[in-house]
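Working notes, structure below.
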Amino acid sequence: MNASSPFFSMKERYFDDLKVGDRFQSEPFEIAGKTIIEFAEKFDPQKFHLNAKSAERSIFKGLIASGWHTAAITMRLFVNTLHFGEGTARLVVDYLRWPNTVRAC
């Protein structure tokens, strides 16, 4: 988002305020290996999310975050960046894919 954006100084937005082609940029987000493992232990216990040594022997050649973890982080950044006045409870995602891995910083 830049200073010429109509949303630059708005505190709350609504879906009707958005226009095709609008672009927004969130703050950076770093994730630690410990956080990747903690999430995986609770929600996605696959070896490449749980243990760095096991992950080295996987197709990913190292520890990676769960796609569901990255989706949750994306939601946080979405909410923090866009500040929708009535939330995003009825937001629909028709297509979700993970083309790139997320690794610890």
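The values are calculated or read from the model by the stated rules, or taken from the named source; none is laboratory data. What you see is a predicted model; the values in this text were computed from it and never measured. Note that we place each Cβ from the backbone using ideal geometry, even for glycine, and neighbour counts take in every protein chain shown. Note: accessible area is taken over every heavy atom of the protein model, side chains too, but ligands, DNA and RNA are not part of it. Shrake-Rupley method; radii C 1.70, N 1.55, O 1.52, S 1.80 Å.
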ask   = Out of region 28-79, which residues are part of a loop (DSSP other than H, G, I, E, B), open to solvent by 40 Å² or more (accessible area, probe 1.4 Å) and more than 19 Å from Arg97 (Cβ to Cβ)?
value = Pro28, Phe29, Glu30, Ala32, Pro45, Asn51, Arg57, Lys61
query = Do we have any residue at all in region 50-71 that's within 18 Å of the chain's Cα centre (by Cα) and free of Cβ contacts under 8 Å to residues at least 24 places away in the same chain?
reply = no
